[in-house]
Structures are given as structure tokens and as C-alpha cells.
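Written out below as C-alpha cells is the structure these notes cover.
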Amino acid sequence: MSTHTYKKFEDIDSGTLPDKMTVYQECLQAFNASPIQAKRCRLLLSRLLRLLYAGETFPKTEATNLFFSTSKLFHHNDGSLRQLVYLAIKELCSLSDDILMATASIMKDIQGGDILYKPNAVRTLARVLDGSTIHAAERAMKNCVVDKNPNVSSAALVSSYHLLPVAKDVVRRWTNETQEAITSNKVFPQTQYAMHEHYGVNKLLTATYTYQYHALGLLYHLRDHDKMALMKMIQQFNTQQPLKSSLATVQLIRYVGKLIEEDSHLTQTLWPFFPGWLKNKSDMVELEASRTILSLPKFLPEQQMQAINTLQTLLSVPRTVTRFAAVRILNKIAMKSPEKIMVCNLELESLINDSNRSVSTYAITTLLKTGNSENVDRLVKTISGFMDDISDEFKIIVIDAIRTLSLKFPDKHKSMLNFLNDVLRDEGGFNFKNSIIEAIFDIIKFIPKSRELALEMLCEFIEDCEYTELAVRVLHLLGDEGPKTSNPTLYIRHIYNRVVLENSIVRSSAVIALSKFALIGDQSITKSIKILLKRCLQDVDDEVRDRAALSLKLLSTKDIEQAKSFIAPTFKYSLPILEQQLALYVSNADKETFVHPFDIKAIPTMTEEEAKAAEFKEKTTIYEEPVAQAADNSSEEEKVSESARHTLLQQQYAQEFAAIPEIAAYGQLLHSSSVVELTEKETEFVVTAVKHIFESHVVIQYDVKNTLSEIQLEDVSVVAQPENEEYTEEFLMPIDVLKINSSGSIYVSFNRPEGTVPTSIANTLSYTTKDVDPATGEAAEDEEGFPDEYQIEDLPVVPGDFIVPAFTGNFTHAWDELEHENVAVFNLGDAATTDLQDVVTKLIKTMSMMPAESTDLVTSSSSHTLKLFGKSIGGDKVAAIVRLASSSKGVMMKSQVRSSDDELSQMVANYIE
């Protein structure tokens with residue numbers, strides 16, 4: 001097709017999709033014509049593919065007609081047409097019937113077709129085959145895996161990967177061929193490109209080794225169940241037969257990182273591979289190795305320094321993308337450990353004036369995290385010079401760095417606030433403005449002397465704020481912080497302006513903010529506030545009028561404490577649980593009479609800090625990846641977000657139980673434990689458990705996954721026997737049928753004694769096995785099956801199952817408030833085999849309490865102090881200080897627990913799993 005003709009057709013079809021029925025009819029007519037017009041058929045296939053890629057579908061009958069009409073184009077030998085035919089067949093396979101009819105034509109192209117479309121044929125064959133027909137093409141697929149042409153080999157390897165869900169056992173037999181594909185030296189056939197008019201044959205690539213990347217990925221999925229096989233594979237392809245593909249090497253590093261993440265004891269065993277990767281000739285390999293080392297906490301400080309030195313070198317390379325990747329990794333590390341990257345400050349300063357604004361932004365924000373009080377002003381001045389040249393995403397990164405620096409150097413808060421005030425006036429989206437407001441809020445909270453200056457800036461901001469949500473948040477803060485200032489009347493005028501000029505949502509918030517100023521106790525201010533509130537009684541919006549009327553009524557009473565409890569309450573209700581309980585009340589209550597009133601006391605309350613935790617939303621900035629989250633997990637926001645996630649998970653469990661009448665009758669779900677693994681992940685049955693605590697019951701949820709490929713399970717249940725006789729089984733809800741590669745849940749309910757009573761539950765999985773017909777995937781109805789049992793791990797019910805993690809902004813104050821204290825000392829075993837970080841992680845999970853003051857991160861290999869805080873399901877607060885010390889006698893642990901309940905503190909202190 002000529003360029004002119006191609007553009008003409010593009011202009012005709014551009015903007016809107018072609019008519020589906022017109023394309024359908026024209027395709028049937030052209031594909032069934034004799035002789036076949038290759039040019040017209042290519043155009044119609046492109047239009048058909050455009051429809052399919054846009055999400056359009058055809059009824060099964062029409063799709064089948066299209067499929068068979070398209071398959072008739074195999075009679076034409078045009079290479080370009082054949083490639084489009086394969087693309088169309090791949091898309092129509094999932095919509096059509098009797099697709100196996102095209103297997104013969106596809107196999108013919110695989111065995112003797114043109115190399116131009118042979119890879120397309122291999123990929124299409126994988127879509128046509130299923131578990132029952134793959135055996136006929138097994139030999140052809142094996143030959144393609146080891147084909148000398150890298151395109152064909154890659155197509156076969158990727159197709160094998162897609163065949164794993166339907167025929168994993170068959171693909172597993174291709175392990176030797178996959179291994180051979182990695183080690184072989186495949187090159188592009190040079191005869192096709194010998195007479196290139198511009199570059200000549202010597203300028204063309206002879207091999208890209210991309211097939212190694214595809215083969216390594218397939219090999220990993222064939223061995224991911226066997227840790228020793230993976231270790232052997234890593235050893236082979238790193239030392240014995242080194243990979244030539246940079247992509248494959250990067251993938252190998254990621255597999256190593258995944259192994260270390262799953263088993264931290266392998267860190268030092270696998271470390272000898274990293275020095276070679278850190279000095280690799282490929283930048284991407286060096287970057288991936290550095291990222292892996294710095295993102296996993298198990299590497300030693302000197303090993304992490306080797307990675308930082310590599311990144312330091314990469315900061316000076318001429319390739320922009322490499323400099324960007326290196327400085328971004330350093331920026332993430334600076335969030336957690338800025339002292340580690342101070343050796344790179346010289347290189348980072350040279351990047352401040354980099355031609356790429358993204359690189360310079362990351363360089364400056366990294367320097368801000370590692371800077372000192374002397375160079376802060378200079379860096380901030382430099383940032384101001386190019387804020388207009390970068391996108392909102394990078395502006396948010398800069399604002400976050402400024403916030404961190406402000407808290408690090410409180411004496412510099414004036415210059416920081418002036419910078420934030422300047423950028424707050426600039427144009428920007430909601431996320432950008434919200435990040436600035438968050439930064440100012442934190443400065444007010446942690447630097448009290450900055451309050452008045454910051455509040456004045458916020459007053460100016462809401463005078464011309466286009467975002468309702470931000471205006472409401474600022475008004476709420478003015479209502480809380482304004483009465484504490486030396487001149488509260490200064491803010492009343494700004495707040496009342498919002499009542500006059502803004503929409504109803506902002507006016508409602510302004511009414512409450514004004515009411516809080518009347519609680520100061522100054523009669524003149526109270527009188528002025530009442531006058532302003534009376535004017536609000538004439539507002540057109542009923543929400544504004546109601547709030548004004550309620551505030552006036554409360555302010556008219558002599559009981560100022562009652563007024564404070566409504567206008568400025570010290571606690572809030574858990575909104576997700578309140579919503580759930582109201583929905584249950586409306587659905588279960590007598591709709592005509594509602595005889596039993598709704599019990600608001602059953603809804604748990606939260607302090608202001610805990611409410612902020614539930615409402616906290618993690619920032620969706622450009623650097624939010626697993627590494628960034630790991631680097632930032634010491635921040636206060638990360639800790640409080642755990643409370644929010646716990647609340648949402650509790651709500652999800654409660655909604656599931658509301659649909660089960662037997663469990664719904666137990667009432668409110670008080671607490672759910674984390675997931676406990678009762679089997680290894682590689683076993684034929686993978687069983688996990690979650691413990692759900694109700695007022696007088698414990699419900700164990702056993703999640704069972706059948707990983708067998710030819711066995712179906714029926715009447716699957718768990719024989720659970722508690723060690724403590726006070727726990728008595730009430731009912732069991734088994735799984736009727738558990739098909740191959742499927743999961744299900746078993747529920748076992750126990751009556752539990754009052755208080756915190758730990759026990760251990762012995763578990764045995766009971767089931768009936770039936771063989772599955774590979775052709776149908778179903779078990780025969782007349783087969784009786786074979787009853788069997790499978791022993792799984794015991795499930796401990798620990799004191800932590802009766803404790804809910806809770807956030808506290810001041811651990812010391814919370815600790816001093818609790819009166820009942822108990823202390824216990826334990827020896828945890830050999831210090832050489834016990835890692836303090838592993839101990840801390842396990843304690844947090846077992847005790848089900850929230851770490852405070854970033855004590856979940858171990859910074860020393862010899863000693864550590866862990867601080868935890870939570871609440872029991874009965875509402876009692878509990879705090880723990882756990883001191884760990886490593887000595888020649890082993891790892892010693894001293895558990896010091898305080899609670900408002902003496903029995904609870906004693907139980908938590910003396911229990912260790």
C-alpha cells in the first residue's frame with residue numbers, strides 16, 4: 001500500500017470506530033472471494049482488529065463465522081497478510097467455537113512456513129490449544145523453544161508461559177529445552193539484511209539475547225515451588241554460565257531479592273553474587289543491584305555502602321536516564337537514612353543545574369534531606385528559581401522535602417513558611433495545593449512558635465481558595481488553633497468572610513469554627529460570636545441554619561463543658577463501624593415500630609489522633625513504590641495508616657459474616673487476627689487461618705487452596721480440638737466441593753470463656769478425594785471417592801488476638817497513665833541464629849499492637865527497645881516496652897507491660913510464642 005493511499009484510509013477512519021456490522025459483512029465477502037485480494041483483506045483485517053482492540057465484541061455465531069472466514073486466507077502466501085491473519089485469529093479465539101479446526105494450518109506454518117510469520121504462528125497456536133489438545137503440538141513447541149532463530153525461540157517461550165495455567169504438567173516437561181535455550185547462542189539470520197542501504201551489514205545487531213530473558217522467566221515459574229532448585233539456577237547463571245542479556249540479569253537480581261525477602265537468612269549466602277553485579281558493564285544491572293541491596297534491611301552497612309558508591313559513580317554518567325534512576329534511588333534512601341548518602345553530596349550538588357529538570361528536582365530534594373542548617377537557605381533559594389518549570393508531581397516531592405527539613409531545623413521555620421506561602425499562591429492542582437497545606441499543618445503541630453505566622457498565611461489562602469475540601473480543612477484548623485493564639489479576634493473576621501462569600505459546605509464549617517472561639521471564656525468575644533451566629537440563622541441552606549441554631553443553644557447554657565463536648569469533642573465515633581451497624585439495624589429491625597432503639601454506646605470511639613489515622617490517605621506521588629514505602633515506613637503517616645487499614649479489613653470481615661446467619665447472630669465483630677499459615681506454600685493443600693473474636697465466641701476461618709491438578713476434594717472440613725476445655729465447639733461449616741486450583745473457606749465456631757484466655761487448637765484437614773477427568777475438568781458423579789486426612793499445624797490463640805492495634809502520638813504520656821505493670825524475662829535462644837529484626841517483626845504480629853516512635857526498625861545488632869501500644873476488645877489500654885539484648889548466652893528479652901487491667905498486663909507480659 002502506498003503512503004498516499006495509507007494516509008487516505010487513516011483519514012477516513014480517524015476519530016471514530018468503523019461500523020461493526022459493515023466491517024463484519026465486508027470481511028465475510030472479501031475473505032470468501034476468489035481470488036483473494038491481499039491488499040483489501042489487509043485493510044479489512046486492520047479495521048476488524050481496531051474494533052476488537054477498542055473492546056467491541058461479536059456474538060458467538062458471528063465471531064465463529066469471522067474466524068472460519070479469516071482462516072481461509074491461509075490460501076494466500078502474502079507475508080504481510082499472514083501476519084494480520086494471526087493477529088485476528090488470536091483475538092477471535094476467545095469468542096468463537098471450534099477453533100481447533102485452524103490447528104492444521106498453523107502447524108504447517110510452524111513446521112515449514114516463512115520465518116517472517118513463524119513467530120506469529122507459534123503465539124497463535126498457544127491461544128488455540130487447551131489442556132486436552134496440547135499433547136499433539138508438544139513436539140513442535142519443543143523444537144521452537146530450541147530454534148536457532150531468536151524470534152521464534154522467544155515466541156515459543158512466551159507462549160509456553162501462557163500455557164502454564166492450562167497445561168502446567170506438560171510445559172514442565174520442557175525444562176531441558178528451556179535450559180538449552182538460555183545457554184545457546186542464537187543470532188539473527190544475516191542473509192535477510194546483507195544489503196541494507198544505509199547502515200551496511202556490520203552496523204546491524206547480530207543478537208540481542210532477549211530470548212534469555214524469556215527463558216529465565218519460564219524457568220523460574222517451573223521451579224518457583226522449589227527453593228533449592230532456584231538457588232541452583234541462580235548459581236548456574238551467575239557463575240557457571242553467565243547471562244549475556246542485561247534484561248535477564250536484572251530479572252535474576254529480582255529473583256534473588258524475592259528469595260531474600262521470603263527468607264532473610266539467605267542474605268549473606270547470596271551476597272557474593274552482588275559485587276559482580278555492582279560492577280557490571282550495563283547500567284541497568286548496576287542500578288537494579290543497588291536498588292535491591294538498599295531496599296532490603298538485611299544487608300550489612302558496609303555492603304550497602306558498596307551500592308551507594310556504585311550509585312555515586314552513576315550520577316556522573318552522560319546518559320540522562322541513568323542519572324535520573326540513580327538519583328531517584330538515593331532520594332528514596334534519604335527518606336529513611338539520610339546519613340548514608342552524605343558521601344554523594346558533591347555529585348548531587350553538581351546535578352542542581354542539570355539540563356533535565358526531573359534530575360535537578362530529585363537532586364535538590366535529596367540534598368534537602370541530607371543538608372545542614374548552613375546551606376538550607378541557599379538550597380531553598382535555588383529551588384524557588386525553577387519551581388515554575390517542573391510538573392505538579394515533582395513539586396509535591398519538593399514540598400515533602402521542605403516539610404521534612406522544617407521539622408529537622410525548627411529555627412528555619414520562617415524561611416520555610418515564606419517559601420510555602422509563595423508556592424501556595426502559584427497555579428496548581430489539588431494534590432499540589434494539598435501537599436502544601438499538609439506541610440503547613442505539620443509545621444504548626446510540631447513547631448508551636450510558628451503557629452501565628454502560619455495561621456495568617458492560611459487566612460490569606462482561603463480568601464481565594466478554589467478547592468472546597470482545602471477550605472474546610474483550613475477552617476477546621478483555624479477553629480482549633482485560633483483560640484490558642486494571643487489575638488484570637490484576628491481570625492474571626494477571616495472565618496466570617498467565608499460565611500458571607502462561600503458555598504454551603506464551607507459556610508457550615510465556618511459556623512462551627514466560629515463557635516469554638518466562644519469557648520475561650522472571654523465574654524466580649526462570646527457576645528460577638530453569638531451576634532454572628534444569629535445572622536447565620538437566616539441562611540438559605542438548612543445545614544448552616546441547623547449548625548448555627550445548635551451552637552447558639554449550647555452557648556446559651558451555663559454548662560460550658562457540655563457545650564465543649566458537642567462543639568469541640570475530644571473523641572469521634574468509628575465511622576465505618578457506625579455505618580455498618582446502622583445498616584444492620586435498618587435491615588434487621590422491625591421497620592414498622594423499631595421497638596429496640598439503636599445503641600450508640602456499642603460503637604467504638606476514637607481519639608482525635610486515631611480519627612486522623614482512620615481518615616489518612618497515603619499520598620499518590622511519583623515515588624510511591626515498594627522501595628519508597630519501605631524507606632518511609634518510619635514516618636508517622638505510615639504508622640497511623642496501619643490503623644486505617646485494620647479498620648477497613650475489620651469492616652470487610654463484618655460484611656462477609658453479616659451474610660452468614662449463624663455468625664451474624666453473634667453480634668459485633670470485635671477483632672480479627674492477621675493471617676496465620678498452617679502449611680507450607682509448596683504443599684498440595686495450602687491452609688491459612690484467621691481468628692475472629694466476638695463477645696462470647698471465637699470463629700476460626702480456615703482458607704484452603706487445592707493445588708492438585710487432577711484431584712477434586714469434597715466434604716472438606718477441619719477437625720479442631722482446643723487444648724483448653726473451656727473452649728467448646730458450637731458448629732462447623734465445611735466446603736462442599738473444592739475443585740482443582742480453587743480456594744474455599746471453612747468456619748469453625750467455639751464458645752469462649754470470659755476474659756483473655758489463651759489456648760492452642762490442634763487441626764486435622766478431613767476430605768474425600770475424587771479423580772478429575774482431564775477432558776472435562778469434572779469428577780465423575782458415580783465415583784464414591786476416597787476419604788482421607790491431612791495433618792496441619794496447630795493454631796495458637798494468644799493474648800494478642802484480644803488486642804487491637806491503636807495509635808498514640810505521645811507514648812510516654814500514655815505509658816504514665818497506666819497503673820498496672822507486669823515484667824517478665826525470657827531467653828530467646830542462640831544469638832548467632834536469631835536476628836533482632838525478625839524478633840521485633842514477630843513480636844509486633846504476635847502481640848497485635850502498634851509500634852510507636854519508629855521502634856519497629858532495628859538500628860543496632862546488639863540491643864534494641866521496642867515500644868507497642870494497643871487496646872483490648874474490652875476497651876482497656878495496654879502498652880509494652882520490650883528490651884532485647886544479644887549476648888554470648890543468647891538473645892535476652894525483658895517484657896514490661898502496663899495496662900488499665902492487671903490481668904491483661906500479666907497475661908501479655910508472660911506470654912511468648
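The values are calculated or read from the model by the stated rules, or taken from the named source; none is laboratory data. Worth saying up front: this structure is predicted, and the values here are computed from it rather than measured. Every residue, glycine as well, gets a Cβ built from its backbone with ideal geometry; the counts of neighbours run over all protein chains shown.
If you go through the range 127-150 and keep only what is crowded, with 23+ Cβ neighbours inside 10 Å and farther than 16 Å from Thr175 by Cα, you end up with Leu129, Pro150. Set side by side, the residues Asp715, Asp703 differ, and just one is touching a Pro at 6+ places or on another chain (Cβ under 9 Å) and either in a loop (DSSP other than H, G, I, E, B) or in the same structural domain as Ser674 (by TED's automatic domain parsing) (or both), which is Asp715.
Checking Asp876, Asp856, Asp902 one by one, the residue that is under 30 Å from His692 (Cβ atoms) and either touching a His at 6+ places or on another chain (Cβ under 9 Å) or assigned by TED's automatic domain parsing to the domain that holds Ser760 (or both) is Asp902 and no other.
Of note, Tyr727 does not satisfy the criterion of being of a type in the set (Phe, Trp, Tyr), surrounded by 16 or more Cβ atoms within 10 Å (Cβ to Cβ) and closer than 27 Å to Ser587 by Cβ. Going by the conditions given, is Asp130 outside any helix (DSSP H, G or I) and within 20 Å of Leu164 (Cα to Cα)? The answer is yes for Asp130. Consider Asp559 carefully, then state whether it is in the same structural domain as Gly479 (by TED's automatic domain parsing), surrounded by fewer than 19 Cβ atoms within 10 Å (Cβ to Cβ) and out of contact with any helix residue (DSSP H, G or I) (no Cβ under 6 Å at 6 or more places or on another chain). When the stated conditions are applied, Asp559 passes them.
Regarding Leu351, is this residue in contact (Cβ under 8 Å) with a residue 12 or more places away in the chain and farther than 26 Å from Pro272 by Cα?
yes
Here the helices (runs of 4 or more DSSP H) wholly within the range 527-623 that include at least 2 residues being under 30 Å from Asn810 (Cα atoms) and at pLDDT below 80 are 560-567, 575-588, 608-615. Looking only at residues that are more than 23 Å from the chain's Cα centre (by Cα) and assigned to a helix (DSSP H, G or I) in the range 650-687, which one is modelled with the lowest pLDDT? Here the residue is Ala658. When Glu561, Glu481, Glu469 are checked against the criterion of being closer than 30 Å to Phe807 by Cβ and over 39 Å from the mean Cα position of the chain (by Cα), Glu561 stands alone in meeting it.
Of all residues in the range 695-717, those satisfying the criterion of being surrounded by 21 or more Cβ atoms within 10 Å (Cβ to Cβ) and closer than 30 Å to Pro576 by Cβ are Val698, Val699, Ile700, Gln701, Tyr702, Val704. When each of Leu417, Leu455 is tested for being without any contact (Cβ under 8 Å) to a residue 60 or more places away in the chain, closer than 19 Å to Gly482 by Cβ, buried (at least 18 other Cβ atoms within 10 Å of the Cβ) and in contact with a Phe, Trp or Tyr (Cβ under 8 Å, 6 or more places away or on another chain), the lone residue that passes is Leu455.
Note on the range 757-822: enclosed strands (runs of 3 or more DSSP E) holding 1 or more residues that are modelled with pLDDT of 85 or more and in contact with a Lys or Arg (Cβ under 8 Å, 6 or more places away or on another chain) are 786-797, 803-805. Got a sec? Which of Arg473, Arg493, Arg498 is among the charged types (D, E, K, R) and either crowded, with 22+ Cβ neighbours inside 10 Å or at pLDDT below 85 (or both)? Of Arg473, Arg493, Arg498, the one residue that is among the charged types (D, E, K, R) and either crowded, with 22+ Cβ neighbours inside 10 Å or at pLDDT below 85 (or both) is Arg498. You will find that of Ser160, Ser153, the residue that is assigned to a helix (DSSP H, G or I), touching a Cys at 6+ places or on another chain (Cβ under 8 Å), among the polar types (S, T, N, Q) and crowded, with 23+ Cβ neighbours inside 10 Å is Ser153 and no other. Those helices (runs of 4 or more DSSP H) of the range 16-120 in which 3 or more residues are among the basic types (Lys, Arg), free of Cβ contacts under 8 Å to residues at least 40 places away in the same chain and out of contact with any strand residue (DSSP E or B) (no Cβ under 7 Å at 6 or more places or on another chain) occupy 38-53.
Checking every residue in the range 106-124 against the condition of being more than 18 Å from Asn65 (Cα to Cα), surrounded by fewer than 22 Cβ atoms within 10 Å (Cβ to Cβ) and of a type in the set (Val, Ile, Thr) gives at least one match.
Quick check on the range 250-303: of everything there that is among the acidic types (Asp, Glu) and within 21 Å of the chain's Cα centre (by Cα), which residue is farthest from Met228 (Cα to Cα)? It would help to see each step written out before you state the result.
So the first thing to find is which residues in the range 250-303 are among the acidic types (Asp, Glu), and the list is 261-263, 283, 286, 288, 302.
Now narrow it down to the ones that are within 21 Å of the chain's Cα centre (by Cα): 261-263, 288.
On the way: Glu261: 16, Glu262: 14, Asp263: 12, Glu288: 23 Å.
Among those residues, the one meeting the criterion is Glu288.
Contact annotation: no residue pair with Cβ atoms under 8 Å, 6 or more positions apart or on different chains, pairs a residue in the range 510-531 that is not assigned by TED's automatic domain parsing to the domain that holds Ser551 and surrounded by 22 or more Cβ atoms within 10 Å (Cβ to Cβ) with a partner that is β-branched (Val, Ile, Thr) and outside any helix (DSSP H, G or I). The set of residues from the range 875-898 being of a type in the set (Lys, Arg) and either touching a residue at least 60 places away in the same chain (Cβ under 8 Å) or closer than 14 Å to Ser848 by Cβ (or both) comprises Lys877, Lys889, Lys894, Arg898.
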